[in-house]
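A quick write-up on the structure given underneath.
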Amino acid sequence: MIGKKRMKMVRQLESKKHRLETGLFVAEGPKVVGDLLAHYPAVMLACTQAWASAHPAAPAKEILVVGEDELRQMSFLQHPQQVLATFHIPKHEESMEHAICSVGTRLCLALDGVQDPGNVGTIIRIADWFGIDTVFCSIDTADAYSPKVVQATMGSIARVTVVPTDLAALIDHLPQGTPVYGTLLDGASLYDTPLSQQGLLVMGNEGNGLSDAIRSRVTHRLLIPPYPVGQSTAESLNVAIATAICCAEFRRRIGQ
């Protein structure tokens, strides 16, 4: 049995204000919760008896066995999936020096005003697939720990460090010569441009692309060319799809 006060506390975590006040976020479903539990213990875990019986040693400060109706009242999903848990938001606010080191030694992603939670979550999942362990997010990018983003990551939020930051300031502090890649309609073909093993790949807003501040700081302007060239095609690609294409080409080219 779970009380109305506890249900209200969980539902309030849909709000960024309450996530910041409590330092907690919500995850749902066996896949997402399971991946997170492999890295962090849950603060509170509400689950069906079937899930509890299958996971007797689940690391959680508090485990509540609930009925389907109670789980449905707490859930943010149309069809709740056996388990819901709250976790502490990881402290990923890196120092500028650490951030610069990350970009200087490996390929990192940055999101400039990406506002759709589904896109942000999918991009985090793409980063995980292609071995990119750090994603920097501008302040106006959708919060990585909102329920919709967490769900869209399908558990990858457990393995990818997401850092909210001032992207322009980050780029300005990078050592001279550090490549900053950005996708732009006036860029050179992704498939003809030399790519490096380290640097920053910046993906822009769904409707407007890269902001003026970031556009002016891009050192390597990339274009994913349509096919066939010269034929009328879609106006643009979804930002998550464009991210996957770029990451795949980076990994194909450099082999790591």
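The values are calculated or read from the model by the stated rules, or taken from the named source; none is laboratory data. Values in this document were obtained by computation on a predicted structure and should not be read as measured data. No Cβ is skipped: glycine too gets one built from the backbone with ideal geometry, and neighbour counts run over all protein chains shown. Accessible surface is based on the protein model in full, side chains and every heavy atom, while ligands, DNA and RNA are left aside. Shrake-Rupley method; radii C 1.70, N 1.55, O 1.52, S 1.80 Å.
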* Only listed residue being of a type outside the set (Asp, Glu), touching a Leu at 6+ places or on another chain (Cβ under 8 Å) and under 26 Å from residue 116 (Cα atoms), chosen from 185, 237 -> 185
* When residues of region 161-183 are filtered for being surrounded by 15 or more Cβ atoms within 10 Å (Cβ to Cβ) and over 14 Å from residue 111 (Cα atoms), how many remain? -> 3
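Between 127, 46, 110, 38, which is closer than 30 Å to residue 241 by Cα and touching an Asp or Glu at 6+ places or on another chain (Cβ under 8 Å)?
Values: 46 fails: closer than 30 Å to residue 241 by Cα; 110 fails: touching an Asp or Glu at 6+ places or on another chain (Cβ under 8 Å); 38 fails: touching an Asp or Glu at 6+ places or on another chain (Cβ under 8 Å).
It is 127.
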* To do: For residue 8, state whether it is over 22 Å from residue 141 (Cα atoms), in a helix (DSSP H, G or I), basic (Lys, Arg) and out of contact with any His (no Cβ under 9 Å at 6 or more places or on another chain).
  => yes
* Structure fact -> Of (1) within 30 Å of residue 220 (Cα to Cα); (2) modelled with pLDDT of 90 or more; (3) buried (at least 18 other Cβ atoms within 10 Å of the Cβ), residue 118 fails just (3)
* To do: Identify all residues within region 1-34 that are acidic (Asp, Glu) and under 12 Å from residue 85 (Cα atoms); write none if there are none.
  => 28
* Asked: Is it fair to say residue 143 is among the acidic types (Asp, Glu) and either surrounded by 16 or more Cβ atoms within 10 Å (Cβ to Cβ) or more than 30 Å from residue 229 (Cβ to Cβ) (or both)?
  -> yes
* **Sole exception among (1) open to solvent by 60 Å² or more (accessible area, probe 1.4 Å); (2) within 18 Å of residue 117 (Cβ to Cβ); (3) part of a loop (DSSP other than H, G, I, E, B) for residue 20, by number** => (3)
* Among residues belonging to region 210-239 that are farther than 16 Å from residue 190 by Cα, of a type outside the set (Val, Ile, Thr) and touching a helix residue (DSSP H, G or I) at 6+ places or on another chain (Cβ under 8 Å), point out the one that is surrounded by the most Cβ atoms within 10 Å (Cβ to Cβ). => 217
* Structure fact -> Filtering region 54-80 down to residues that are at pLDDT below 90 and buried (at least 17 other Cβ atoms within 10 Å of the Cβ) yields 80
* Asked: Can you tell which of 45, 36 is part of a strand (DSSP E or B), in contact (Cβ under 8 Å) with a residue 24 or more places away in the chain and open to solvent by less than 40 Å² (accessible area, probe 1.4 Å)?
  -> 45
* Structure fact -> Per the filter on region 125-147, residues touching a strand residue (DSSP E or B) at 6+ places or on another chain (Cβ under 7 Å) and not polar (S, T, N, Q) are 127, 132, 133, 135, 136, 137, 139, 144, 145, 147
* Number of positions in region 204-235 that are over 15 Å from residue 249 (Cα atoms) and hydrophobic (A, V, I, L, M, F, W, C) -> 6
* To do: Would you mind telling me which numbered condition in (1) under 30 Å from residue 37 (Cβ atoms); (2) modelled with pLDDT under 95 residue 177 fails?
  => (1)
